[in-house]
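Here is the structure we will look at.
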């Protein structure tokens, strides 16, 4: 809703949103830049994205509120990201 506010409802459908803490390890610089550009673009306009969690066949809507980039070795990048499920109409 802007300015750090969000609409939260405790009655009705969608009472248990999921959260995934993901790690993308030992990526090439090119692949890491692609992931970070994707996350940056959605963070800039607040857009959600569709993602299918591992071991499931159903995709859901998600936002990524935070991520970190680490360079443990030359030409290798680790990205950790937190995906939070959202419900949109």
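The values are calculated or read from the model by the stated rules, or taken from the named source; none is laboratory data. Just so it is clear, the model here is predicted, and its values are computed rather than measured. Virtual Cβ from ideal backbone geometry, glycine too; neighbours counted across all protein chains shown.
Can you name every residue in segment 53-62 that is closer than 12 Å to residue 18 by Cβ and surrounded by 11 or more Cβ atoms within 10 Å (Cβ to Cβ)?
Answer for segment 53-62, where residues must be closer than 12 Å to residue 18 by Cβ and surrounded by 11 or more Cβ atoms within 10 Å (Cβ to Cβ): 53, 60, 61, 62.
Restricting to segment 30-49, give me the number of residues that are in a helix (DSSP H, G or I), touching a strand residue (DSSP E or B) at 6+ places or on another chain (Cβ under 9 Å) and closer than 21 Å to residue 89 by Cα.
The total comes to 2.
Under the condition of being in contact with a helix residue (DSSP H, G or I) (Cβ under 9 Å, 6 or more places away or on another chain) and without any contact (Cβ under 8 Å) to a residue 40 or more places away in the chain, which residue from segment 67-89 is farthest from residue 13 (Cα to Cα)?
71
Among the residues of segment 63-86, write down those that are in a loop (DSSP other than H, G, I, E, B) and either within 14 Å of the chain's Cα centre (by Cα) or closer than 16 Å to residue 23 by Cα (or both).
Within segment 63-86, 86 is the sole residue that qualifies.
Each row is one residue, and each column tells you yes or no for (1) surrounded by 10 or more Cβ atoms within 10 Å (Cβ to Cβ); (2) in contact with a helix residue (DSSP H, G or I) (Cβ under 6 Å, 6 or more places away or on another chain); (3) at pLDDT 90 or above; (4) not in a helix (DSSP H, G or I).
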| position | (1), (2), (3), (4) |
| --- | --- |
| 12 | no, no, no, yes |
| 17 | yes, no, no, yes |
| 20 | yes, no, yes, yes |
| 25 | yes, no, yes, yes |
